[in-house]
Amino acid sequence: MSSKPYMLALMAVTAHAATVHAQVSNKTSPATLPEVIVTGNPLGSDLFEMASPASVVQGEELFRLRRSTLGDALDGLPGVAATGFGPNASRPVIRGLDGDRIRLLQNGTGMLDASSLSFDHAVSIDPLVIERAEVVRGPAALFYGGSAVGGVVNVIDNRIPQAAVYGVTGRVEGRFGGAEREKAGAVVFEAGNGSLALHADVYSRDTEDLKIKGFARSARQRAADPQPVEAEGTLPNSAAQSDGGAFGLSHTWANGYVGISRSGFNSVYGTVAEPTVSIDMQSSRWDFAGEMRELGSMIRALKFKVGKTDYEHTELDAGVPATRFSNKGHDVHLEATHGKLGPLQGAFGVQVTRFDFSALGAEAFVPSTSTNTRAAFFFEEWPLGPVKLTFGGRHERSEVSSEGGGVVPFGGTWPRFDQAQSRSFNGNSGALGAVWNFRPGLALAVNGAYTERAPTYYELFANGPHAATGVYEVGNTAFGKEKSKALDVTLRMKSGKHSGSIGVFQSRFDNFIALFDSGNTRGADGELSPPDAGDGTSLNTGEEILPEFAYRAVPARFRGIEGEGRFRVMERGGTMDLLINASYVRAEDQSSGLPLPRIAPLRYAIGVDYRQDRFGARIDATFVDGQDRVAIGELPTDGYTMLNAAVSYRLPAPGVRLEAFLRGVNLLNEEARNHVSFLKDIAPLGRRSAQLGVRGQF
């Protein structure tokens with residue numbers, strides 16, 4: 001879809017907002033809401049009091065971290081990596097876990113796109129419009145189900161305003177440059193009279209093929225598979241164009257709100273793995289939400305959130321539609337906070353999720369399916385002097401149904417998938433945590449969790465060639481529930497301008513479901529061990545012969561350490577903070593002792609952030625070790641050092657906070673490859689580049 005209508009709307013809204021702003025003097029709410037994290041605690045809690053380790057990114061920090069994908073924007077937070085399927089599709093990876101073990105939420109309800117199915121499917125929200133991102137590391141299944149066994153990422157865009165808005169507020173943002181020669185802009189606009197609140201946003205982003213250092217394919221890949229012509233200096237088929245917007249309206253009062261919003265997201269991007277294939281994606285979404293507080297002594301508050309998504313994308317081969325993916329569904333979350341029951345205070349609720357998935361075309365490696373989930377949960381807090389205990393549980397009923405059928409390509413007449421069938425699972429999860437404030441500014445947090453996760457539709461029913469990963473995937477309809485136990489121990493400190501934490505974690509899975517190389521090969525029509533024509537193609541069909549990867553359930557263990565800190569080192573003529581963080585995870589299949597695939601190596605970073613009046617400067621150095629603990633069929637990855645720097649200046653502008661920045665990325669011009677990515681050996685990160693941007697807040 002062309003970005004011109006959105007850019008014209010952006011210019012019109014900007015001009016109108018500036019005019020209205022000049023006419024309105026009282027533009028802020030008289031009350032300021034406290035800063036709380038709500039993703040991991042329905043009662044509200046700051047990070048210091050959370051039993052589960054968590055991070056919040058907002059304000060200037062989020063402005064600095066914005067990238068073209070959600071995964072890349074959060075990559076580098078403690079314990080967080082990114083799938084990195086080229087510059088256009090990337091999901092967060094938390095402590096080595098990805099896919100349907102990481103729950104992606106938009107304002108507290110599921111995104112319901114197709115990004116967990118395949119690494120080349122983009123997340124259906126652009127970081128340009130995000131106001132806040134909350135990341136809970138480790139199991140958060142109590143509130144969001146077994147698919148949150150690895151963690152939760154909740155992005156908040158305020159498209160349904162929850163607090164009173166007085167007058168007109170908003171922001172305008174533009175970015176230009178970078179290794180992908182990005183041209184991006186966004187306008188976020190809010191207006192209200194203290195009772196009615198309006199939100200509108202619009203954005204557009206265009207990128208060209210990514211500039212890279214050296215060859216697209218790694219030296220190891222080139223040695224293993226020499227090619228007569230090698231892409232160099234530019235990553236082919238990595239350009240993208242996306243745009244979208246939203247409109248929201250809410251009624252707010254002293255003790256609550258109720259509202260509705262409508263949003264759309266459009267993107268056309270190259271998939272990198274296949275030089276002639278691009279994805280044309282559209283996602284539209286309705287959201288309804290509300291909350292009522294101070295209801296009484298027994299039920300103190302009620303809140304509801306409903307998200308309804310209609311998602312579709314078409315994979316185009318040389319511009320010709322090939323395979324179409326569709327996902328339509330809703331996610332309903334109802335929650336009540338109760339008053340004191342003796343020493344206990346807590347919340348309980350229900351969640352209902354349904355989505356219908358279909359894939360039509362030659363590369364439809366999963367059948368049309370329906371997934372229905374119904375759950376009930378509770379959470380309680382028990383203060384005991386300097387110790388706060390937390391505990392909770394969840395029961396979840398999941399039904400996964402396949403329509404079966406699907407004719408194989410190349411003249412086949414037999415069905416690709418088995419006959420229609422349905423599987424049902426009853427999952428139970430529980431957690432027990434404690435936060436001990438043993439000294440002022442020092443706390444020890446311990447959290448243990450047991451989680452049961454129902455297998456997904458693709459783990460159960462997959463049977464076909466998956467071009468994005470270059471393998472033939474085979475599911476297993478006999479899978480039972482995936483069961484895991486996890487333990488976190490974190491030491492936190494907070495003293496004036498200093499803060500930090502260090503923690504260790506371990507997760508054990510009785511039956512970790514993952515893709516493993518079976519040692520077999522398949523033709524695109526499903527034929528086992530087809531005869532080779534001598535060039536890697538089948539004599540029968542002429543199509544590429546693919547390695548067969550089958551989903552298996554194995555005992556697995558994930559363990560690691562992570563930490564972060566921010567320390568004020570100077571307050572004379574300006575302020576200077578020292579920033580540090582580090583993450584390490586080790587994961588293995590305990591049945592064989594072999595490493596699990598695509599596990600991020602040790603990473604540690606140090607930075608300096610300087611602020612003086614209107615001027616700011618920051619420099620960060622991230623050191624990523626090489627990864628030689630690799631799974632069978634996986635190549636090692638070399639380490640690298642990523643040096644980034646940025647300077648900003650707040651321009652004098654009456655009534656508007658206007659800030660310009662210049663950012664340099666990969667200043668050492670390293671050939672950097674993300675070991676977590678399926679494409680690490682054919683798609684490196686961008687070369688040395690600079691980006692210019694401006695942000696205005698009114």
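The values are calculated or read from the model by the stated rules, or taken from the named source; none is laboratory data. On a predicted model such as this, the values are computed, not experimentally measured, just so you know. So basically every Cβ, Gly included, is an ideal-geometry build from the backbone, and we count neighbours across all protein chains shown. Note: areas computed on protein heavy atoms with side chains; ligands, DNA, RNA excluded. Shrake-Rupley method; radii C 1.70, N 1.55, O 1.52, S 1.80 Å.
Before moving on, here are some points about what is shown:
- The sole residue among Val258, Val268, Val272 that is at pLDDT 95 or above and farther than 25 Å from Glu335 by Cα is Val268.
- Any hit, region 289-299, residues being under 29 Å from the mean Cα position of the chain (by Cα) and in contact (Cβ under 8 Å) with a residue 60 or more places away in the chain: yes
- Arg522 being open to solvent by 70 Å² or more (accessible area, probe 1.4 Å), touching a residue at least 24 places away in the same chain (Cβ under 8 Å) and under 33 Å from the mean Cα position of the chain (by Cα): no
- Extreme residue, least open to solvent (accessible area, probe 1.4 Å), among residues of region 525-543 that are charged (D, E, K, R) and without any contact (Cβ under 8 Å) to a residue 60 or more places away in the chain: Glu527
- Any hit, region 546-559, residues being touching a residue at least 24 places away in the same chain (Cβ under 8 Å), at negative phi and outside any strand (DSSP E or B): no
- When the residues of region 621-653 are filtered to those that are in contact with a Lys or Arg (Cβ under 6 Å, 6 or more places away or on another chain) and under 30 Å from Thr521 (Cα atoms), the one that is most open to solvent (accessible area, probe 1.4 Å) is Leu635.
- When Ser124, Ser90, Ser118 are checked against the criterion of being closer than 25 Å to Phe63 by Cβ, among the small types (Gly, Ala, Ser) and out of contact with any Gly (no Cβ under 7 Å at 6 or more places or on another chain), Ser124 stands alone in meeting it.
- Arg101 out of contact with any strand residue (DSSP E or B) (no Cβ under 6 Å at 6 or more places or on another chain) and of a type outside the set (A, V, I, L, M, F, W, C): yes
- Taking first residues from region 264-287 that are on the phi > 0 side of the Ramachandran plot and partners that are in a strand (DSSP E or B), the Cβ contacts under 9 Å between residues at least 6 apart in sequence or on separate chains come to Val272/Phe85; Val272/Ala89.
- Selection from region 247-276 of residues that are within 26 Å of the chain's Cα centre (by Cα), open to solvent by less than 60 Å² (accessible area, probe 1.4 Å) and over 30 Å from Ala322 (Cα atoms): Gly248, Gly259, Ser261
- Screening region 329-445 for strands (runs of 3 or more DSSP E) wholly inside it with 1 or more residues that are among the aliphatic types (A, V, I, L, M), open to solvent by 20 Å² or more (accessible area, probe 1.4 Å) and modelled with pLDDT of 90 or more returns the ranges 344-360, 369-384, 387-402, 421-439.
- Residue identified as open to solvent by 20 Å² or more (accessible area, probe 1.4 Å), assigned to a strand (DSSP E or B), touching a Gly at 6+ places or on another chain (Cβ under 7 Å) and among the acidic types (Asp, Glu) among Glu312, Glu291: Glu291
- Within the span defined as region 482-491, one or more residues are open to solvent by less than 20 Å² (accessible area, probe 1.4 Å), among the β-branched types (Val, Ile, Thr) and modelled with pLDDT of 95 or more.
- Counted residues, region 654-685 - those being open to solvent by 40 Å² or more (accessible area, probe 1.4 Å), assigned to a loop (DSSP other than H, G, I, E, B) and of a type in the set (D, E, K, R): 2
- Tally, over region 179-188, of residues that are open to solvent by 20 Å² or more (accessible area, probe 1.4 Å) and in contact (Cβ under 8 Å) with a residue 60 or more places away in the chain: 1
- Long-range neighbours under 6 Å by Cβ, at least six apart or interchain, first residue under 13 Å from Gly430 (Cβ atoms) within region 139-150, second at pLDDT below 85 and outside any helix (DSSP H, G or I): Ala140/Gly40; Val149/Pro139
- Pairs linking a residue in region 318-331 that is charged (D, E, K, R) to a residue that is in a strand (DSSP E or B) and at pLDDT below 95, with Cβ atoms under 6 Å and 6 or more positions apart or on different chains, are Arg324/Thr314; Arg324/Leu360; Asp331/Thr109; Asp331/Gly110.
- Residue within region 236-243 that is open to solvent by 50 Å² or more (accessible area, probe 1.4 Å) and over 18 Å from Ile130 (Cα atoms) present: yes
- Of all residues in region 571-605 being open to solvent by 60 Å² or more (accessible area, probe 1.4 Å) and under 20 Å from Met493 (Cβ atoms), the one that is modelled with the lowest pLDDT: Glu571
- Check on Met281, of a type outside the set (Ser, Thr, Tyr) and open to solvent by less than 10 Å² (accessible area, probe 1.4 Å): yes
- Residue check for Arg650: at pLDDT below 95 and within 18 Å of Gly185 (Cβ to Cβ): no
- Qualifying residue in region 553-567 (condition: surrounded by fewer than 14 Cβ atoms within 10 Å (Cβ to Cβ) and out of contact with any helix residue (DSSP H, G or I) (no Cβ under 8 Å at 6 or more places or on another chain)): no
- Residue ID - most open to solvent (accessible area, probe 1.4 Å), chosen from residues in region 606-617 that are out of contact with any Phe, Trp or Tyr (no Cβ under 7 Å at 6 or more places or on another chain) and within 23 Å of Ser689 (Cα to Cα): Ile606
- All positions within region 205-235 that are over 30 Å from Pro161 (Cβ atoms) and in a strand (DSSP E or B): Thr207, Lys211, Ile212, Lys213, Gly214, Phe215, Glu232, Gly233, Thr234
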